[in-house]
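What follows is one structure encoded as structure tokens, with my remarks underneath.
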Amino acid sequence: MTYQAQNGENPHKDRTTRHHINLLLLLSLVRAGWRVTPVRKASPMRFRLGGVALVVLWILCARCGPSPSVLVRPQAPIAWTLISRGVKAYASTGDASRASDSSYATWWQARSTRQQWIVYNLNGAGSVGKVLVVWYDDQTSPYDYSLIPGYRPIGLPRDYTLEINAQGNHGQPPATGWTQVVRVTGNTYHSRQHLINMTGRHWLRMSIRTALGGPGATLHLDVYALHSNPPLSGDFLFLGDSITQGPALHLPFNSVVSIPQLIAGKGTGGLPVEEDGGIQDMTPANSLAHLGTWLNLFPGKYVALNYGTNAALHGCMSQSAVFGYFNTMVQEVLARGLIPIIPHILWGAYPMIQRCGPAVNAAIDQIYAEYPQVLRGPDFWEIFQNHPEWLHDRIHPNAIGIGVYRQHYATLLCAEVYQTVC
């Protein structure tokens, strides 16, 4: 597969701040400030001296030792504005408006393989500069179908281009004057993100030369005007196995919308971007061979590593082995200035999960202790432990369980990333 894009900045820089607080210094300074003079209990001088001691403590503790430490996660700034919702859309065939509407239960599908293109007129968005273009094909469930022997994708864009244009009136797409800014061949992913510069342009066209499966390409297409450079703070990649593959899709399940829509519904400043990186049968071990490639494609800030169930199911992997694989993955994510998210694995009624799952979660607890930068995901073991009715095969969540999974992840991200309540 080849990939070429203009303005594909990816300066992953860690913006996490850590402040170290020495508790012995805290106690000594406060006691010293409190006992400078033996005045009466209600004396204002006594309170002033205590306050001075705390101010001195704050200044000094910028250089305090590392034990213990408090990790301060800054609130996610608004990285973008979604500008494609409900815009004028045109397509070679099919209903183009289904790609730009607010429902991920709908999608545009080309009705012919001969000509497949979709065009957005972004003139109503005002002056457009750098944008993020994201497309999703939720009819193809796994993130990379090529890693699943025999899997047949549905409407997957394999070879396509992105083009921009400033010409033409506002009623119809221009026939000429298109400039190619992205060219992808041999794509095997069910979603992609592209950073492009649209300064002075208001037309965007995605042309699909080859789509795999179905009568034509199938996708939902979002465009965001950027207010910051990568890594983008409201952008999430949910890597994982088959347990992630369903819940992290954008399709509604049991009337519960996607994780980004749950977050956006609470007024967090816009719709987050989230790619479903779930691939069935993926283990912490075999994900390592692909992690670098996946991260190279990702312009966002948060990488969820939802692995571990298959470590229990396939060979009952030891705690030390699981820790080793997670340790390598976390180091790779952190080295790029990104923030890993790791949940406890989901409880299952299957005997191997009950017998071997606790060791996997113990390894994840080791990761939490070793890396305070890791954002602790939901404790799906505890959440599902008393609800076997939320599983359809004693392992995977059913429609109700998918809704529970999404709600808990959205609640956590609202609190930890957006500092609000979902």
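Here, each number is a calculation from the coordinates, and none is a lab measurement. Predicted model only: the values in this text are computed from it and were never measured. Please note: Cβ atoms are built from the backbone with ideal geometry, for glycine as well, and neighbour counts cover all protein chains shown.
Results, tabulated for the structure shown:
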quantity	calculated
Per-residue ³J(HN,Hα) for the range 300-316, Karplus 6.51 cos²θ - 1.76 cosθ + 1.60, θ = phi - 60°, Hz, x for Gly and Pro	x, 10, 10, 10, 7, 10, 8, 10, x, 4, 6, 5, 7, 6, 9, x, 6
Residues Ser97 and His314, FRET efficiency given R0 of 60 Å [Cβ-Cβ distance, rounded to 0.05]	0.85
Extension gain (nm, one decimal) between Ala175 and His227, 0.36 nm per residue minus Cα-Cα	15.6 nm
Most to least packed among 206-216, 328-338, 297-307 [average Cβ atoms within 10 Å]	297-307, 206-216, 328-338
Residue-wise HN-Hα coupling along the range 264-270, computed from phi with Karplus coefficients 6.51, -1.76, 1.60 (Hz; x: Gly, Pro)	5, x, 9, x, 7, x, x
Stretch gain in nm, segment Ala166-Gln354, where the contour uses 0.36 nm per residue and the Cα spacing is subtracted	61.7 nm
By average C-beta atoms within 10 angstrom, highest first, the peptides 339-349, 403-413	339-349, 403-413
Measure of compaction for the range 231-422 (Cα Rg per 2.2 N^0.38 Å)	0.95
Hz values of 3J(HN,Hα) by residue in the range 79-88 - Karplus curve (6.51, -1.76, 1.60), Gly and Pro given as x	8, 6, 10, 6, 10, 9, 5, x, 6, 5
